[in-house]
1. Looking at the structure I just gave you, is VAL22 surrounded by 14 or more Cβ atoms within 10 Å (Cβ to Cβ), within 14 Å of TYR150 (Cα to Cα) and either at pLDDT 95 or above or in contact with a helix residue (DSSP H, G or I) (Cβ under 7 Å, 6 or more places away or on another chain) (or both)?
2. Just one of the numbered conditions (1) of a type in the set (Gly, Ala, Ser); (2) part of a loop (DSSP other than H, G, I, E, B); (3) surrounded by 14 or more Cβ atoms within 10 Å (Cβ to Cβ) is not true of GLY142; which one?
3. Restricting to the range 95-153, count the residues that are hydroxyl-bearing (Ser, Thr, Tyr) and over 13 Å from the mean Cα position of the chain (by Cα).
4. Residues in the range 125-132: is at least one part of a strand (DSSP E or B), surrounded by fewer than 18 Cβ atoms within 10 Å (Cβ to Cβ), among the aliphatic types (A, V, I, L, M) and touching a Ser or Thr at 6+ places or on another chain (Cβ under 8 Å)?
5. Quickly run through the range 30-43 and pick out the residues that are surrounded by 11 or more Cβ atoms within 10 Å (Cβ to Cβ) and either under 16 Å from GLY108 (Cβ atoms) or touching a Ser or Thr at 6+ places or on another chain (Cβ under 9 Å) (or both).
6. Return yes when THR125 is of a type in the set (Val, Ile, Thr) and more than 13 Å from SER52 (Cα to Cα) and no when it is not.
7. I'd like to check which strands (runs of 3 or more DSSP E) are fully inside the range 44-109 and have at least 3 residues that are surrounded by fewer than 16 Cβ atoms within 10 Å (Cβ to Cβ), on the phi > 0 side of the Ramachandran plot and touching a residue at least 60 places away in the same chain (Cβ under 8 Å).
8. Would you point out which residue out of GLU121, GLU112, GLU135 is among the acidic types (Asp, Glu), over 18 Å from ALA62 (Cβ atoms) and modelled with pLDDT of 95 or more?
Amino acid sequence: MIVPLRDEFLLISGTRSFLLAVKANALFGLRIETPDREYSQTIEPSDIIAVSAPEGGAIEPAIMLAEFVRTYHMPLIVLPKDHPGSKRFSYLVSVGPLITTSCTIRRGTHPEQHLVCSSDELAGTVLKAHPEGVEINGLPAGASHRYVKYRMETILS
């Protein structure tokens with residue numbers, strides 16, 4: 001299924017978890033910091049920024065994480081596989097033209113941007129960049145999707 005997407009956020013929800021997606025809408029270099037090295041990934045305007053919340057929670061932090069990447073080009077941090085902090089990540093980010101959800105990977109330890117940790121109820125969902133928005137494949141039964149509009153306010157001093 002192809003879902004039109006421009007500036008709004010697409011929320012894919014299960015009963016206890018969610019996946020938030022938004023278009024990058026700009027060409028930029030994304031830095032990915034791993035324990036061994038730093039590398040850059042070119043982000044195309046049609047690429048998808050996805051934030052996974054395997055245990056659910058508030059949507060606002062997911063929106064903020066997506067905007068940190070989309071608007072401010074904040075780097076992504078990848079932890080070593082045995083890092084004790086990986087289990088404390090409530091929200092996980094992946095960016096690229098194709099993103100697949102999986103519940104069999106350890107949180108925050110995969111520099112491959114085609115893969116993001118999810119709950120079992122959203123595992124196997126595939127988001128693919130499309131000129132009109134995002135193509136969703138493998139959406140599990142019981143999952144739903146809707147648009148979320150959110151506008152970052154400018155702070156004036």
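The values are calculated or read from the model by the stated rules, or taken from the named source; none is laboratory data. Because the structure is a prediction, the values reported are computed rather than measured. Heads up, the Cβs are rebuilt from the backbone with ideal geometry, glycines too, and the neighbour counts pull from every protein chain shown.
1. On the way: surrounded by 14 or more Cβ atoms within 10 Å (Cβ to Cβ): yes; within 14 Å of TYR150 (Cα to Cα): yes; either at pLDDT 95 or above or in contact with a helix residue (DSSP H, G or I) (Cβ under 7 Å, 6 or more places away or on another chain) (or both): yes.
So VAL22 fits the description; yes.
2. (3)
3. Total satisfying the criteria: 6.
4. Yes, because at least one residue in the range 125-132 is part of a strand (DSSP E or B), surrounded by fewer than 18 Cβ atoms within 10 Å (Cβ to Cβ), among the aliphatic types (A, V, I, L, M) and touching a Ser or Thr at 6+ places or on another chain (Cβ under 8 Å).
5. LEU30, ARG31, ILE32, GLU33, THR34, PRO35
6. Against the criterion (of a type in the set (Val, Ile, Thr) and more than 13 Å from SER52 (Cα to Cα)), THR125 does not qualify.
7. Values: elements: 48-53, 92-96, 98-102.
Here the list is empty.
8. On the way: GLU121 fails: over 18 Å from ALA62 (Cβ atoms); GLU112 fails: modelled with pLDDT of 95 or more.
Testing whether each residue is among the acidic types (Asp, Glu), over 18 Å from ALA62 (Cβ atoms) and modelled with pLDDT of 95 or more leaves just GLU135.
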